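Structure, as structure tokens:
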Amino acid sequence: MRLRRGGGRTAYPRPMTSGEPDTDVLRLGAGARAWRAGTVVVLTLLFCAGSLVGNDHWWPFSPWRMFATSQAATGSVWSTGIEVRTADHVDTWVPAPLTPENVGLNRAEVEGRIPQIQADPSRLGTLATSHARLRPGAPAWVGLRVVRHKIVVVDREPTGEVETDVLAEWSSP
Amino acid sequence: MSRLRDWLFAPVPLARVAVLRALVFAFVIVDVLLLHTSGWYHGEADPVWYEPLVMGQVLHLPPASVLLVEVLKWGCVVAAALAISGRAPRLLGWVVAVCWIWYQYVAFSYGKVDHDRADFVVALALLPTVGIAHLSDRRLSEAAGFALRAIQLAAVATYFLSAWAKLRFGGLEWVNSATMVRAVVRRGTPWAQWLLEIPWTLHWFQWVLMAAEITAPVIFLLSERWRRRAVAAWFAFHAMTYAAITIAFWPHLVMMLAFLPLEEYADRLRAWWARTRAGRWVGERRLSSGAAPPAASTPASRPGAGVG
């Protein structure tokens, strides 16, 4: 960066009191301006390309698609969760938090892999392993299943009706 | 063209960048320790769930391990804590940038990308380019102006391009869909449930949100006073969103501060602190111990200050 004077009053930055603006302006040379302008152009192109044709895998240039999908005004809202059987109660399925603190992954990360889980339900066993490492004091999981709750919505209003499907199930060998 | 150039490099006080940098680095510490910890937990997830993003394929980044996430997490914390001091702004700033971006990559390469964190990458990458900037340095700097302008552009792009994403993925019917109902059903707070009983509220909100996001770039045409009001309106919107569905775009909120005269707020805060009993006590202690008062710190006392 080159130092050029904007005010021309003093040849050296003078002491100033707080709140008093100085007329000196620290200007950039042509090269410093050029690479900065080039950076803005490149970033603009990458962000726009990501939004136009990219997907999540382009992060940080992926499309900004928070809440971007359309949910039909009448239909069902899906919510995925897990249920487990513990070593203490091997015959009872109970809901368990599908959170990073509990299994190392969050709900959306499991929701996005339902086809892979259904093709190979043994993947669910890795969640039980992670749970044992993250919660060493909790009873071990001997069974785990992924359930999908369908909350029925009519004309943007939940009716209170909930359907539950079991999508995949794993039991410890 | 020259007007565009003048706009892109409009000089701002170095103190503004100094305040924003301190806030950005303080936020990084809070973020990795408290707000966004899923990357750390991926150290405990089985590598079978790892799904490399393009960045990971290009750079050959490995799946998360406990060692990797600990190094990235504490690398962020230590580098950001040192960077808040203002020393070695380029080295420490870019170390923070690399650690934070990699830590986010670890969080996002297991099947879920959070879409609110991309603009912060711009802030972390470009703030170090300003070089030394002191909290009391009121000299105007084009490098500082450029960094802030780039951050403002990225923050506003977040709104505008998220409206575009709604049209791309949700179609024109997005505004009449039940997307917000879905959000409240899935993760609504107890005090947001009434919105489900009056469905037009969320329907109407979608129209307002789409209009606000599409017109977000207008903020660059507003007067200073209205620009601050627009930023306040966006903060109000994000506060409402957090109250309803506990989602806050934290890094983006820090980016929006780039629109504000932060050095003036810092001055007011300092003046208020000096008036308080505790502030007077600290000031007297510093004087009696022979330390120079803060106002004596000037650019002239620091050779090379602000020159990058």
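Considering only residues in the range A:29-83 that are within 9 Å of another protein chain (Cβ to nearest Cβ) and assigned to a strand (DSSP E or B), the one that is surrounded by the most Cβ atoms within 10 Å (Cβ to Cβ) turns out to be A:V77.
Among the listed residues B:A147, B:A163, B:A143, B:A154, which satisfies the condition of being within 7 Å of another protein chain (Cβ to nearest Cβ) and either crowded, with 24+ Cβ neighbours inside 10 Å or touching a residue at least 24 places away in the same chain (Cβ under 8 Å) (or both)? Write out each step before concluding.
Values: B:A147 fails: within 7 Å of another protein chain (Cβ to nearest Cβ); B:A163 fails: within 7 Å of another protein chain (Cβ to nearest Cβ); B:A154 fails: within 7 Å of another protein chain (Cβ to nearest Cβ).
Of the residues listed, the single one that is within 7 Å of another protein chain (Cβ to nearest Cβ) and either crowded, with 24+ Cβ neighbours inside 10 Å or touching a residue at least 24 places away in the same chain (Cβ under 8 Å) (or both) is B:A143.
Based on this model, can you work out whether B:S223 counts as touching a Gly at 6+ places or on another chain (Cβ under 9 Å) and of a type outside the set (D, E)? In short, no.
For the condition in a helix (DSSP H, G or I) and more than 7 Å from chain A (Cβ to nearest Cβ), what is the one hit in B:I101, B:I132? First the steps, then the outcome.
Values: B:I132 fails: in a helix (DSSP H, G or I).
Sole residue among the options that is in a helix (DSSP H, G or I) and more than 7 Å from chain A (Cβ to nearest Cβ): B:I101.
Has the range B:30-44 got any residue that is touching a Ser or Thr at 6+ places or on another chain (Cβ under 7 Å) and at the interface with chain A (Cβ under 9 Å from one of its Cβ atoms)? Yes, some residue in the range B:30-44 is touching a Ser or Thr at 6+ places or on another chain (Cβ under 7 Å) and at the interface with chain A (Cβ under 9 Å from one of its Cβ atoms).
Sort through B:V113, B:V121, B:V58 and tell me the only one that's within 23 Å of A:W58 (Cβ to Cβ), crowded, with 22+ Cβ neighbours inside 10 Å and within 14 Å of chain A (Cβ to nearest Cβ). Talk me through it step by step, then tell me what you get.
On the way: B:V121 fails: crowded, with 22+ Cβ neighbours inside 10 Å; B:V58 fails: crowded, with 22+ Cβ neighbours inside 10 Å.
Within the list B:V113, B:V121, B:V58, the selection yields B:V113.
A:T126 meets each of the listed conditions (1) touching a strand residue (DSSP E or B) at 6+ places or on another chain (Cβ under 6 Å); (2) at pLDDT 95 or above apart from (1).
Checking the range B:62-78 against the condition returns no match, with no residue being among the aromatic types (F, W, Y) and at the interface with chain A (Cβ under 9 Å from one of its Cβ atoms). Helices (runs of 4 or more DSSP H) fully within the range B:153-270 that include at least 2 residues being more than 30 Å from A:R107 (Cα to Cα): B:199-214, B:224-245.
Restricted to the range A:74-118, and to residues there that are touching a residue at least 60 places away in the same chain (Cβ under 8 Å) and β-branched (V, I, T), the residue that is farthest from A:R135 (Cα to Cα) is A:T74.
State whether one or more residues within the range A:83-94 are within 30 Å of B:V54 (Cα to Cα) and either in contact with a Pro (Cβ under 6 Å, 6 or more places away or on another chain) or not assigned by TED's automatic domain parsing to the domain that holds A:L43 (or both). Walk me through how you get there before you give the answer.
Step one: of the range A:83-94, the residues within 30 Å of B:V54 (Cα to Cα) are none.
There is no residue in the range A:83-94 that is within 30 Å of B:V54 (Cα to Cα) and either in contact with a Pro (Cβ under 6 Å, 6 or more places away or on another chain) or not assigned by TED's automatic domain parsing to the domain that holds A:L43 (or both).
Are any residues in the range A:130-144 touching a strand residue (DSSP E or B) at 6+ places or on another chain (Cβ under 9 Å), surrounded by fewer than 17 Cβ atoms within 10 Å (Cβ to Cβ) and under 19 Å from B:V66 (Cα atoms), and if so, which ones? Of everything in the range A:130-144, just one residue is touching a strand residue (DSSP E or B) at 6+ places or on another chain (Cβ under 9 Å), surrounded by fewer than 17 Cβ atoms within 10 Å (Cβ to Cβ) and under 19 Å from B:V66 (Cα atoms), namely A:A132.
The values are calculated or read from the model by the stated rules, or taken from the named source; none is laboratory data. If you're wondering where the values come from, they're calculated on a predicted model, not measured in any experiment. Cβ coordinates were reconstructed from backbone atoms using ideal geometry, including for glycine residues, and neighbour counts include every protein chain displayed.
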